[in-house]
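Okay, here's the structure, questions in a sec.
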């Protein structure tokens with residue numbers, strides 16, 4: 001066993017023991033997270049209809065709004081995944097921002113959010129439009145003996161994805177979270193890694209789900225957040241929901257053992273799921289995933305390149 005493997009394994013085992021015995025609260029990080037955007041090139045006589053995700057307040061993260069510069073917004077919840085959504089219109093003002101105070105807890109071994117209902121687990125065995133449960137991606141496990149134990153199976157699939165994929169964004173096509181594309185290309189970003197894992201898990205009767213949010217730089221202080229980050233969860237009957245962050249494991253091999261079952265506190269989750277129908281319902285198709293503002297003008301989706309996002313963080317001592 002290598003030193004890196006041993007260290008990571010010890011962290012994971014210790015975290016499981018602490019979580020199981022309730023010895024101590026997990027480490028946490030408190031920060032301000034600002035979510036802003038500006039709409040570009042919308043005609044002055046048009047009204048923009050806007051939906052933005054709202055980070056949930058739950059056992060994994062405590063969230064409160066400390067500032068917001070938008071008015072007449074409606075807070076809604078979509079029924080499929082329970083995501084919180086702010087919906088509002090922009091007439092003359094073409095920008096908005098919200099600042100949240102977040103205390104995010106490290107996940108040690110499993111989520112403390114209440115377990116999912118059996119009916120929801122069955123839904124999380126079904127395919128999404130870009131996350132199938134049959135297809136070419138299954139060649140990655142062809143001829144291999146898959147473990148029957150759920151934890152062992154999840155670890156096996158975690159290793160398969162990590163071995164097959166490289167974290168790269170130097171060629172077009174990445175970032176859509178398309179399992180077949182990820183299998184064919186062998187590279188991509190976090191959405192591609194975790195879509196492939198979810199497809200493999202569901203295809204082998206292991207419920208799995210997608211979660212997306214904003215990454216907070218590990219160095220404390222303040223600064224810009226360049227974009228989103230996502231990770232995945234699988235459900236083991238004896239344990240509940242267990243996280244994996246395979247793209248981070250690929251970028252930081254010394255953390256590979258840790259990222260099977262643990263998540264650092266350097267993040268804030270905004271939404272879960274794929275193929276999301278918003279509330280109020282959008283005129284366009286279901287969203288592949290939901291982290292950036294979604295905008296419609298005259299019932300048509302406004303191009304993503306004409307929505308300029310700005311995200312930042314500041315640690316709270």
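The values are calculated or read from the model by the stated rules, or taken from the named source; none is laboratory data. This one's a predicted model, so the numbers in the text were calculated from it and none came from an experiment. Don't worry about glycine lacking a Cβ; one is built from the backbone with ideal geometry, like all the others, and counts go over all protein chains shown.
Which members of the range 25-41 meet the condition of being surrounded by fewer than 14 Cβ atoms within 10 Å (Cβ to Cβ) and assigned to a loop (DSSP other than H, G, I, E, B)?
Once the filter is applied, which keeps residues that are surrounded by fewer than 14 Cβ atoms within 10 Å (Cβ to Cβ) and assigned to a loop (DSSP other than H, G, I, E, B), the range 25-41 yields 25, 27, 40, 41.
Would you be able to say whether some residue in the range 303-316 is out of contact with any strand residue (DSSP E or B) (no Cβ under 8 Å at 6 or more places or on another chain), in a helix (DSSP H, G or I) and closer than 15 Å to residue 51 by Cα? Talk me through it step by step, then tell me what you get.
Pass one, the range 303-316, residues out of contact with any strand residue (DSSP E or B) (no Cβ under 8 Å at 6 or more places or on another chain): 303-305.
Adding the requirement that they be in a helix (DSSP H, G or I) leaves 304-305.
Imposing the further condition that a residue be closer than 15 Å to residue 51 by Cα reduces the set to 304.
Yes, the range 303-316 has at least one match.
May I pose another question? Kindly establish whether residue 125 is assigned to a loop (DSSP other than H, G, I, E, B) and surrounded by 15 or more Cβ atoms within 10 Å (Cβ to Cβ). Walk me through how you get there before you give the answer.
On the way: assigned to a loop (DSSP other than H, G, I, E, B): yes; surrounded by 15 or more Cβ atoms within 10 Å (Cβ to Cβ): yes.
Criteria met by residue 125.
Please state which of the following conditions residue 191 fails to meet, knowing it meets all the rest: (1) without any contact (Cβ under 8 Å) to a residue 24 or more places away in the chain; (2) under 16 Å from residue 243 (Cα atoms).
Condition (1) is where residue 191 drops out.
A further question on this structure: Taking the condition buried (at least 18 other Cβ atoms within 10 Å of the Cβ) and over 18 Å from the mean Cα position of the chain (by Cα), does residue 107 pass? Don't jump to the end; show me each part of the working.
Values: buried (at least 18 other Cβ atoms within 10 Å of the Cβ): yes; over 18 Å from the mean Cα position of the chain (by Cα): no.
For residue 107, the condition - buried (at least 18 other Cβ atoms within 10 Å of the Cβ) and over 18 Å from the mean Cα position of the chain (by Cα) - is not met.
Residues in the range 195-212: is at least one at pLDDT below 95 and not assigned by TED's automatic domain parsing to the domain that holds residue 81?
So the first thing to find is which residues in the range 195-212 are at pLDDT below 95, and the list is none.
Looking for residues that are at pLDDT below 95 and not assigned by TED's automatic domain parsing to the domain that holds residue 81, one finds none in the range 195-212, hence no.
Among (1) farther than 21 Å from residue 210 by Cα; (2) surrounded by 14 or more Cβ atoms within 10 Å (Cβ to Cβ), which single condition is residue 150 missing?
(1)
Now for a separate question. From 175, 188, grab the single residue that is crowded, with 24+ Cβ neighbours inside 10 Å, on the phi > 0 side of the Ramachandran plot and either at pLDDT below 95 or in contact with a helix residue (DSSP H, G or I) (Cβ under 8 Å, 6 or more places away or on another chain) (or both). Steps first, answer last, please.
Numbers: 175 fails: crowded, with 24+ Cβ neighbours inside 10 Å.
Exactly one of 175, 188 is crowded, with 24+ Cβ neighbours inside 10 Å, on the phi > 0 side of the Ramachandran plot and either at pLDDT below 95 or in contact with a helix residue (DSSP H, G or I) (Cβ under 8 Å, 6 or more places away or on another chain) (or both), namely 188.
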